Amino acid sequence: METTLLEIPVAEELRDEAAEICEELGISLPAAIQLFLKRLVLVKGIPFPMKMPKRDYKAEQAVQAARKLSEEAARNGTANMTMEEIDAEIAIVRAERYARAKRAEAELNNRTNKT
């Protein structure tokens, strides 16, 4: 098969990085480009998936969680509370929980002492 010279402008850094990878694979950069072209012809298209990279899953999850919390805060009427108000409400709930636990403990002790 007759050959021809293919000249394409490529960023030097890209060329160097690609050549380094090819060397690690044990092939030359021109051989890798030939492989790409042969595969392009064989499949009659780009020989790898052409799609946008997936979003960062963790970042997307964090954004969704923040939105959900914001919506819940708006529904509960707590969206505009200050940190002091939130802390005060938490303290009240904890005090109530502590009081219930003490009452339950006392009731259990009373039942145990009666038997």
**OP:** Taking a cut-off of 12 Å between Cα atoms, list the aspartates and glutamates near residue 68, but don't count ones fewer than 8 places away on the same chain.
**Re:** none
**OP:** Choose one of 104, 19, 29: the residue whose Cα lies farthest towards the positive end of the charge dipole of the chain (beta-carbon charges +1 Lys, Arg; -1 Asp, Glu; about the Cα centre).
**Re:** 104
Original post:
For the stretch 69-89 and the stretch 1-38, what is the separation of their Cα centres, given in Å?
Top reply: 59
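Between residue 84 and residue 31, what is 0.36 nm times their sequence separation minus the Cα-Cα distance? Round to one decimal in nm.
Length difference between fully extended and current span is 12.4 nm.
Just to confirm a number: summing +1 for Lys and Arg and -1 for Asp and Glu over residues other than residue 78 whose beta-carbon lies under 12 angstrom from that of residue 78, what do you get? Mind dumping the intermediate values first?
Values: positive: 75; negative: 71, 72, 85, 89.
Cβ neighbours under 12 Å give a net charge of -3.
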Original post:
For residue 50 and residue 1 in the same chain, what is the full-extension length gain: residue separation times 0.36 nm, less their Cα-Cα distance, in nm?
Top reply: 14.6 nm
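Rounded to the nearest 0.05, what FRET efficiency do residue 97 and residue 64 have when you use their Cβ-Cβ distance and R0 = 30 Å? Let's see the in-between values first.
Details: r = 30 Å, r/R0 = 0.99.
Efficiency, rounded to the nearest 0.05: 0.50.
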Subject >> Label selected from (i) -0.89, -1.14, -1.25; (ii) -0.60, -0.96, -1.16; (iii) -0.67, -1.01, -1.21, the criterion being log10 I(q)/I(0) by the Debye sum over Cα atoms at q = 0.14, 0.19, 0.22 Å⁻¹ as computed here >> reply: (i)
**OP:** Would you mind ranking 27, 8 so that the residue whose beta carbon has the fewest other beta carbons within 10 Å leads the list?
**Re:** 8, 27
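Bear in mind that the values in this text are calculations on the coordinates, not laboratory data. All values reported here derive from a predicted model rather than from experimental measurement. Ideal geometry is used to build each Cβ from the backbone, glycine not excepted, and the neighbour counts take in all protein chains shown.
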